[in-house]
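Taken together, the values in this text are just the output of simple stated rules run on the coordinates, not laboratory data. Quantities reported herein were computed from a predicted structural model and do not represent experimental measurements. For neighbour counting, all protein chains shown are included, and Cβ atoms are generated from backbone atoms with ideal geometry for every residue, glycine included.
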Amino acid sequence: MIIGKHEVRGKVMDSFTRCEHYHSELDIVAIKFACCNTYYPCYRCHLETAGHTAEAWPKADSNKKAILCGSCHNEMSIEAYKKADSCPFCHADFNPGCENHYHYYFG
Ligand SMILES: [Zn+2]
Ligand SMILES: [Zn+2]
Ligand SMILES: [Zn+2]
């Protein structure tokens, strides 16, 4: 699905980047994977549809813009996303539970 200017792959359900696996009101980010430089709504989408092993971003890449806000479709860096409870652009709230899954995405 094309969301904003970006292609988001996987089991995407809406333009907020919600997917079959995570689709609460707060599940509104897509994350770009280091292995394919492609946005997916979640690691399970990548696992089920990418056809290759997922790679997390190394710590040195924390300034890389790898997070897409599903509400306003702006991108932010990994570092900015880790610090934010809500989108720095549109202030939509993010899911605090995502923090438990950082290791799937970022080093
Ligand atoms: Zn990949
Ligand atoms: Zn998913
Ligand atoms: Zn936003």
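If you go through segment 78-102 and keep only what is touching a strand residue (DSSP E or B) at 6+ places or on another chain (Cβ under 9 Å), part of a helix (DSSP H, G or I) and within 16 Å of ligand 2 (Cβ to nearest atom), you end up with just 98.
For every residue, the table says whether it meets (1) over 16 Å from residue 87 (Cβ atoms); (2) touching a residue at least 24 places away in the same chain (Cβ under 8 Å); (3) under 11 Å from the mean Cα position of the chain (by Cα).
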| position | (1), (2), (3) |
| --- | --- |
| 3 | no, yes, no |
| 6 | no, yes, no |
| 12 | yes, yes, no |
| 18 | no, yes, yes |
| 21 | yes, yes, no |
| 27 | no, yes, yes |
| 31 | no, yes, yes |
| 36 | yes, no, no |
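Number of residues in segment 43-80 that are within 11 Å of ligand 3 (Cβ to nearest atom) and either under 16 Å from residue 26 (Cα atoms) or in contact with a Phe, Trp or Tyr (Cβ under 7 Å, 6 or more places away or on another chain) (or both): the value is 8. Of the residues making up segment 6-23, those that are within 16 Å of ligand 3 (Cβ to nearest atom) and either of a type in the set (A, V, I, L, M, F, W, C) or surrounded by fewer than 17 Cβ atoms within 10 Å (Cβ to Cβ) (or both) are 6, 8, 14, 15, 16. Restricting to segment 57-73, name every residue that is within 22 Å of residue 4 (Cα to Cα) and either of a type in the set (Phe, Trp, Tyr) or out of contact with any strand residue (DSSP E or B) (no Cβ under 8 Å at 6 or more places or on another chain) (or both). Answer for segment 57-73, where residues must be within 22 Å of residue 4 (Cα to Cα) and either of a type in the set (Phe, Trp, Tyr) or out of contact with any strand residue (DSSP E or B) (no Cβ under 8 Å at 6 or more places or on another chain) (or both): 71, 72.
Is it the case that segment 27-42 has a residue that's closer than 24 Å to residue 91 by Cβ and more than 12 Å from ligand 2 (Cβ to nearest atom)? Yes: one or more hits.
Per-residue answers, yes or no, for (1) assigned to a loop (DSSP other than H, G, I, E, B); (2) in contact with a strand residue (DSSP E or B) (Cβ under 9 Å, 6 or more places away or on another chain); (3) more than 10 Å from ligand 1 (Cβ to nearest atom):
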position	(1), (2), (3)
27	yes, yes, yes
48	no, no, yes
51	yes, no, no
55	yes, yes, no
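Which residue, of 13, 1, is of a type in the set (A, V, I, L, M), within 14 Å of ligand 2 (Cβ to nearest atom) and farther than 22 Å from residue 100 by Cβ?
One residue alone meets the criteria, 1.
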